[in-house]
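For reference, the structure discussed in these notes is given below.
The values are calculated or read from the model by the stated rules, or taken from the named source; none is laboratory data. No experiment lies behind these values; they were computed from the predicted model shown. All Cβ positions, even for glycine, are placed from backbone atoms using ideal geometry, and neighbour counts span all protein chains on display. What goes into the accessible areas is simple: the full protein's heavy atoms, side chains included, and nothing from ligands, DNA or RNA. Shrake-Rupley method; radii C 1.70, N 1.55, O 1.52, S 1.80 Å.
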Amino acid sequence: MQSNDKSRHSCTCSIIGTGSYVPVRVMTNDDMSKIVDTSDEWITSRTGIKERRIAAADEATSDLASNAARKAMEAAGVTAEDIDLIIVATVTPDMFFPSTACFVQKKLGATNAVCFDISAACSGFLYALTVARQFLNSGARKTALIIGAEKLSSLINWTDRNTCVLFGDGAGAVVMRCSDAENAPGRVLSAVMGSDGNLADLLKVPGGASSCPITPENVESRPNTIHMEGRETFKHAVTRMCHAADQALTMAGKTAKDIDMVIPHQANARIISAIADRLGVPEEKTFMNLQKYGNTSAATIPVALDEAHRSGRIKRGDVLLMVAFGGGFTWASTVMVW
Ligand code: UT7
């Protein structure tokens with residue numbers, strides 16, 4: 001699926017505020033090595049991750065999401081009443097239903113919003129951004145709050161060293177609006193999305209839902225935790241992300257030389273390096289914060305975008321390439337001018 005604002009619409013969708021939140025508890029690689037047979041050396045060299053954040057027992061995904069959202073709303077200068085669309089991208093909802101977006105609505109007091117979640121794993125935030133753009137471009141909604149939020153610690157098998165060292169908790173949010181100004185800051189130039197359900201088994205949480213409810217018989221095998229074929233996922237991630245990035249750049253009328261910063265999904269430093277290498281983008285133009293947070297799935301890109309903005313790594317007018325890959329498999333890429 002591909003879309004390009006300029007081809008059909010006179011209004012321009014722009015991100016007008018960003019925010020992020022990570023839980024206070026830090027879990028280091030050395031902490032991990034006390035739980036499973038691993039080491040700081042293995043985790044750092046194979047993934048780039050040094051530590052991750054773990055939410056408190058009484059902290060749900062909607063709490064992380066609401067904290068990030070408040071910061072994004074403050075940065076955008078909008079009130080809760082201004083928000084008329086809330087989309088939360090998550091694979092760790094508070095409950096099966098209601099949606100996490102509805103809990104966020106309640107916590108923010110955003111009474112005018114229509115609310116729903118999107119399930120696209122690590123690509124979820126870019127999927128949500130594109131869905132929100134359709135609402136704004138069509139004029140159906142005016143001010144969207146788009147959030148990627150995860151409490152992946154609730155899906156971790158803490159005895160599986162292949163996966164438990166990789167993930168963390170966090171949330172990032174943006175406020176998006178349409179404006180008539182063609183050169184509005186934060187404007188989205190292009191977006192591509194794709195999926196391949198044939199490869200669903202390579203990265204999944206197989207149990208706990210309708211196809212495999214948790215029973216006294218299967219609970220010991222922990223089907224309600226993340227299962228991943230790491231090497232296969234790695235290969236597909238690099239290929240799909242590079243292809244999606246190429247497509248999004250072409251659609252935006254840009255080349256790799258135009259990119260000021262790549263804000264990629266943060267799963268593995270080696271994946272990010274491979275993508276930068278294949279695209280021909282120097283490493284210093286690649287944003288990386290996975291050493292602090294690990295893989296926070298749908299939250300990685302909005303957290304990284306917020307950090308890149310607040311730290312001054314990106315400035316107004318910069319061309320940004322965002323690219324993601326995740327369970328499904330799903331992938332997505334967006335080019336924007338900051
Ligand atoms: O966010 C959605 C997309 N997700 C991704 O893109 C993740 C993609 N995959 C990866 O990032 C990497 O495949 C991993 C980081 C998950 C694994 O790295 P790898 O280089 O592919 O390692 P591997 O799975 O092939 O395992 C190599 C060895 C194995 O030992 P043997 O069989 O060679 O003796 C593993 O048992 O490393 C072992 N191993 C570990 N050793 C110490 C696996 N996990 C650990 C660990 N500590 N935590």
Exercise for the section: Identify all residues within segment 265-284 that are open to solvent by less than 40 Å² (accessible area, probe 1.4 Å) and either away from the ligand (no atom under 15 Å from the Cβ) or of a type outside the set (S, T, N, Q) (or both); write none if there are none. Expected result: His265, Ala267, Ala269, Ile271, Ile272, Ala274, Ile275, Ala276, Leu279, Val281
Handout entry: Qualifying residue in segment 36-48 (condition: farther than 28 Å from Val337 by Cβ and surrounded by 21 or more Cβ atoms within 10 Å (Cβ to Cβ))
Key = yes
Problem - Of the criteria (1) farther than 30 Å from Met32 by Cα; (2) part of a loop (DSSP other than H, G, I, E, B); (3) within 16 Å of the ligand (Cβ to nearest atom), which one Ala184 fails - result: (3)
Completion exercise
For segment 125-170 the number of residues that are closer than 25 Å to Gly230 by Cβ and either among the charged types (D, E, K, R) or open to solvent by less than 10 Å² (accessible area, probe 1.4 Å) (or both) is 15
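Are any residues in segment 143-165 assigned to a helix (DSSP H, G or I) and within 12 Å of the ligand (Cβ to nearest atom), and if so, which ones?
Step one: filter segment 143-165 for residues assigned to a helix (DSSP H, G or I), giving 152-155, 161-164.
Once the filter is applied, which keeps residues that are assigned to a helix (DSSP H, G or I) and within 12 Å of the ligand (Cβ to nearest atom), segment 143-165 yields Leu152, Arg161, Asn162, Thr163, Cys164.
Take the residues of segment 74-125 that are part of a helix (DSSP H, G or I) and among the aromatic types (Phe, Trp, Tyr): which is farthest from Ala298 (Cα to Cα)? I'd like the intermediate steps shown before the answer.
First pass over segment 74-125, keeping only residues part of a helix (DSSP H, G or I): 74-76, 80-82, 100-108, 121-125.
If we keep only those that are among the aromatic types (Phe, Trp, Tyr) as well, we get 103, 125.
Values: Phe103: 18, Phe125: 5 Å.
Among them, the one singled out is Phe103.
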Exercise for the section: Would you point out which residue out of Gly230, Gly194, Gly253, Gly294 is modelled with pLDDT of 95 or more, on the phi > 0 side of the Ramachandran plot and within 16 Å of the ligand (Cβ to nearest atom)? Expected result: Gly294
Problem - Matching residues, segment 76-124, being within 16 Å of the ligand (Cβ to nearest atom) and either assigned by TED's automatic domain parsing to the domain that holds Trp331 or over 15 Å from Ala171 (Cβ atoms) (or both) - result: Ser119, Ala120, Ala121, Ser123
